[in-house]
Amino acid sequence: MLKIAKDKLPELLQAWAGGAKVFVPQDKGGVSVFLPWEGQGNLTLGEGNTLEPPKDLFFPRTETMYRYQVQGKEASLIEVPSLEEKRVLVGVRSCDARSLLLMDDVFLTRGYVDEFYRQRRENTRVVALACTAASPTCFCTAFGIDPGRAEGVDVQMWPVAGGYLLEGVTEAGRELLGQGSSLLAEAGAENIPAAAKPGLAVETSGVTEKLQRMFEHPYWTAVSRKCLGCGACTYLCPTCHCFDIQGENRGNSGYKFRCWDSCMFSEYTRMAGGHNPRPSKKERLRNRFLHKLQYFPERYGKFACVGCGRCLDRCPVNVDITRVIREVKEVTL
Amino acid sequence: MANEARVNPLVPRTGRIIKIVDETPDVKTFHITTDSGKPFTPLPGQLAMLSLLDVGEAMFSITSQGPEHLELAIKRVGMLTDALHEAEEGQTVGIRGPYGNGFPVEELKGKDLLFIGGGIGLAPVRSLINYCIEHRQDYGHLWIIYGARSPADLCFKDDLFNNWPKVENCRVDVTVDRGDAGWQGHEGFVPAFVEELHPDPAGKVAITCGPPIMIKFVLQSMEKLGYKDDQIITTLEMRMKCGIGKCGRCNLGSCYVCLDGPVFTLAQLKQLPNEY
Amino acid sequence: MSSIQEQMRARARELLTRGEVKMVIGWEKGTFWYLSPPAFITEPEDCDRLVWDEFCTNNLAKYLLDYKFTEDKIALFVKGCDSRGIIRLLQDNQIDREKVYLIGIKCPGVRDGRQAAALGEERRSEAPLAEKCRYCTHPEPVIFDELLQDEGGAAIREAQATPEGRFAEVARLEAMSPDERYAFWTGEYDRCLRCYACRNICPACNCRECIFDRSQSGWCGKQMQRSENMFFAITRAMHVAGRCIECGECERVCPEGIPIMALNKKIIKDLNELFGEYEAGVDLEARPPLGQYKLDDPEEFH
């Protein structure tokens, strides 16, 4: 166990920045977001979670997949260079660390590996930051997440008086800490602070099995009435991973890109002939909740919610997944 | 670099349209190959993602294949298919695949097969019919019941009226919703035609594909004729983008149609949400 | 006289019990004390869910479009801004006046839920007025079938609407150089997630099909990047030009906190200067400046 003084942290970030691009929560126009560390900045490690999850760093809002040139009947395709940039992502909370493992299931398993995601993921070291205070909208423990220790990360950090404790979890993590050895002092593990107690609690056991019997239930009509059908929940969700593939054409050349998409939008499932299997917000909202709580557990054996509370915090009409779980369990069939 | 050895499943290869066959006023079959031969060797019922690089990309069923090419029968319904219908032989295309599970050709061995198709819905079924003809000794009696809106809308006329009727132990029945002056055959909708022909369910598996409304009534007819849910196979169409079970949109419950489908038995479909 | 909340519940119960309406749309308590999201009541026994407090912010008018194709009559509670949303929908021929029963509330102004949350419940009374209420010119409903009576008589409001205050942010932006203004707006809209919450809550955004739901049409691509985001921002703002009722909901619902109302108010200010003072969604008969045609128009049409 190592310790760093709070005022030395920028120096550690700077040391890491020598061999990689470092991303760390910083203030931007009053909100906390993961931004590249460029020697100075207003770190927001002490202010709860970032407004946006770090998924954009692995699965960008928009990314070019390949370019092409067309000349009459001839066309050629140019692949984008592979992504070699090394990165260190600092200040990831336990909920978001779990979300990376869930995205790994989606993008790296079941027969196909998504190369764009894999390259970014393999080139990124993750430094987690334990939560000692929680927001009212937090409920990570409902999904078995420990706010005091993240899964699948390279380094674990804990905020303590005057600084941070650090523990290298993987070989790569210990190597990172080695880069800052002059800034770090030995410390005792007994100083690890108690983990935060999330603001919300919800019991998730049995909800998947209940939902399996509720597809046609009128509950979905009732719960979807206030939904605006916007995509805020899906775009702020650390585990939502839907994307669209489209092209941008200029004269004889262009490129194909993929960008985030949302199952809350009408266009998402609408087919070329006009038929839409999910014609209204009832079907779309139902799909979103079933995906988190039934379909993903059926396919990957895990809930696709990490209890970060971003959807609940930013939903304009207070659609609340913890309330949905509770109500679903109370529905009589 | 290690990455160069990896294939990016979302990036197509370039291929070429080497032949275009007019099937009906709004369906054409495109023969596609690449500089190194057939783009890939699909199982019957599998899918291909086809693109015109400057227009768009969409998933199509592969209707047949030769030693050096794939055949995709495509109906004109939107922007990409409009552009494909305007394309000429020699046009470069992007192609990736094969995707999906395909028909369960092993499990179907030894069975009598009943194919029920409507309109462009014969496209995926044709890949299986041709496969069964190639492996004729592995399958029992083949019975093809097919219909379209009008005689002009019948796809694969050469197969329907010349090739398939000549195959040993194979029967072909064709109907049209409305005939024209030259039409000598049956008139009427496919589901009613199926009931009229009353194929006995014993030892049979039925494979059906067509417009959703036809499928709905065909399934009712099959039930009347005594077919069990696991004796009926259909293939679904959904909006797809990635083809590899990542982008999310073609899900039916926890299944992705692009990966776990598009071929399902009716018994399997009844276990899935009715969202197709 | 009973409180507004008691009157709300009583009237909703009466209307549903007598079968005069099929549904009542109001507000209920949400997950936290600082949230009072929309409530949809169809059973008389559920009417006690309805609340009236300083967090009943949500403009309810837009929900009527979800029931456009039913024959059912719906009752809706309307604050001043909600009622202006109703005028908006009526002027745009989106709803049938006979199918809506409007219960007016004189609004004392609602509080900013996010700032209230930051203060904490013990300091609830200190929560500032919501931005949209600070320059509100119509706290009392402009259209209603009945008006609930509050104890104090006239609506209590902390800040009086003043034209200067209403357009203060616009003036600040106008004073910038073009480069500064470009940097300001691109900085804001670079964060835009294109979630379309601003569009979906807006009573003036009532197209049956929005071009932003038709990416294949080629008007606007789905890339989340500066040029496409700005195209969305400007198109949305221009589309509600002369029709924005200043309910401020677009800005409230934005998950990224983009100051959307500054854009809307800039257009309102320009329209006022170009075509004379006009307030959208106040008078059913007064046509929006960009929605009318005069034979003696001084400009030629090309």
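The values are calculated or read from the model by the stated rules, or taken from the named source; none is laboratory data. Since the model is a prediction, treat every value here as computed from it, not as a measurement. Backbone-built Cβ (ideal geometry, glycine too); neighbour counts: all protein chains shown. Only protein heavy atoms, including side chains, enter the accessible area calculation; ligands, DNA and RNA are left aside. Shrake-Rupley method; radii C 1.70, N 1.55, O 1.52, S 1.80 Å.
Computed values, structure above
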{"read-out": "Alpha carbon centroid spacing (whole Å) that separates the stretch B:215-246 from the stretch B:46-83", "value": "21"}
{"read-out": "GNM result for chain B, Cα springs below 10 Å: residue of B:Ser150, B:Ser36, B:Ser221 fluctuating most strongly", "value": "B:Ser36"}
{"read-out": "Trypsin sites (Lys or Arg not before Pro) lying in DSSP loop within the stretch A:249-333, provided at most 16 other Cβ fall within 10 Å", "value": "A:Lys302"}
{"read-out": "Listed peptides C:27-34, B:253-260, B:62-69 by packing density, highest first (mean Cβ within 10 Å)", "value": "B:253-260, C:27-34, B:62-69"}
{"read-out": "Calculated diffusion of the stretch B:112-235, Stokes-Einstein form, Kirkwood radius summed over Cα pairs, 37 °C and 0.692 mPa s, µm²/s", "value": "228"}
{"read-out": "Volume of the Cα convex hull of chain B, divided per residue and given in Å³", "value": "140"}
{"read-out": "Cβ-based net charge around B:Leu84, under 15 Å, with every Lys or Arg adding one and every Asp or Glu removing one", "value": "-4"}
{"read-out": "Phi-based couplings in Hz for the stretch A:38-48 (Karplus 6.51, -1.76, 1.60; Gly and Pro marked x)", "value": "10, x, 8, x, 9, 5, 10, 5, x, 10, x"}
{"read-out": "Value in Å of the Kirkwood radius, where the stretch A:194-265 supplies the Cα pairs that are averaged", "value": "16.6"}
{"read-out": "The stretch B:13-164 - Debye-derived log10 I(q)/I(0), Cα point model, q = 0.12, 0.13 Å⁻¹", "value": "-0.49, -0.58"}
{"read-out": "Table column - 3J(HN,Hα) (Hz), the stretch B:227-240, Karplus curve with 6.51, -1.76, 1.60, x for Gly and Pro", "value": "6, 8, 4, 7, 9, 10, 10, 9, 10, 9, 10, 9, 5, 10"}
{"read-out": "Calculated P(r) tail over 23 Å for the stretch C:132-280, as whole % of Cα pairs", "value": "44"}
{"read-out": "Helix-only [θ]222 nm of chain A, DSSP H runs n ≥ 4, -39500 (n - 2.57) each, per residue, nearest 500", "value": "-7000 deg cm²/dmol"}
{"read-out": "Cα Rg over Rh - the stretch A:2-186, Kirkwood", "value": "1.03"}
{"read-out": "Cβ crowding within 10 Å averaged over residues, with A:168-175, A:11-18 ranked highest first", "value": "A:11-18, A:168-175"}
{"read-out": "Peptide A:270-281 - average C-beta neighbours from other chains (10 Å radius)", "value": "5"}
{"read-out": "Per residue convex hull volume, Cα atoms of the stretch A:144-268, in Å³", "value": "260"}
{"read-out": "Rounded to 5, percent antiparallel among DSSP beta bridges of the stretch A:2-186", "value": "70"}
{"read-out": "Convex hull of Cα atoms in chain A, direction-averaged projection (nm²)", "value": "19.9"}
{"read-out": "More than 13 angstrom apart: percent of Cα pairs within the stretch B:127-182", "value": "61"}
{"read-out": "Compactness index (Cα Rg / 2.2 N^0.38 Å), the stretch C:225-302", "value": "1.25"}
{"read-out": "Summed residue charge, Cβ within 10 Å of B:Arg126's Cβ, Lys/Arg positive, Asp/Glu negative", "value": "-2"}
{"read-out": "Rounded Å value of the spacing that divides the Cα centres of the stretch C:85-138 and the stretch C:1-60", "value": "14"}
{"read-out": "Summed side-chain charge close to C:Asp72 - residues other than C:Asp72 whose Cβ falls under 10 Å, Lys, Arg +1, Asp, Glu -1", "value": "+2"}
{"read-out": "Size descriptor, Kirkwood hydrodynamic radius, that averages inverse alpha-carbon separations across chain C, Å", "value": "20.6"}
{"read-out": "Scattering profile of the protein assembly as shown at q = 0.06 Å⁻¹ [log10 I(q)/I(0), Debye over alpha-carbon scatterers]", "value": "-0.50"}
{"read-out": "Under 13 Å, Cα to Cα: Lys pairs in the stretch C:4-147, sequence gap 8 or more or different chains", "value": "6"}
{"read-out": "A:Leu35 accessible area, 1.4 Å probe, all protein chains in place, Å² to nearest 10", "value": "50"}
{"read-out": "Sum of -39500 (n - 2.57) over DSSP H runs of 4+, divided by residues of chain B (222 nm, nearest 500)", "value": "-5000 deg cm²/dmol"}
{"read-out": "Two-decimal Rg/Rh across the stretch B:74-156, once Rg and the Kirkwood Rh are taken from alpha-carbon atoms", "value": "1.04"}
{"read-out": "Solitary cysteines of chain B, where the nearest other Cys Cβ is not under 4.7 Å", "value": "B:Cys132, B:Cys155, B:Cys170, B:Cys209, B:Cys250, B:Cys255, B:Cys258"}
{"read-out": "Inter-chain shielding of C:213-225 (mean C-beta neighbours from other protein chains, 10 Å cut-off)", "value": "5"}
{"read-out": "Percent of Cα-Cα distances greater than 26 Å, calculated over the stretch A:207-330", "value": "24"}
{"read-out": "For chain A, size of Cβ-based charge dipole, Lys and Arg +1, Asp and Glu -1, in debye", "value": "1140"}
{"read-out": "Exercise: per-residue mean of other protein chain Cβ atoms within 10 Å, C:23-36", "value": "3"}
{"read-out": "Compactness of the stretch C:4-147 as Cα Rg over 2.2 N^0.38 Å, two decimals", "value": "1.04"}
{"read-out": "Unsatisfied cross-links (Cα-Cα over 26 Å) in the set A:Lys28/C:Lys269; A:Lys55/A:Lys302; A:Lys292/B:Lys75", "value": "A:Lys28/C:Lys269; A:Lys292/B:Lys75"}
{"read-out": "Among beta bridges that DSSP assigns inside the stretch A:117-218, antiparallel share in %, nearest 5", "value": "65"}
{"read-out": "Sum of -39500 (n - 2.57) over DSSP H runs of 4+, divided by residues of chain C (222 nm, nearest 500)", "value": "-9500 deg cm²/dmol"}
{"read-out": "Span per principal axis, largest first, for the Cα atoms of the stretch B:2-99 (Å)", "value": "49, 28, 23"}
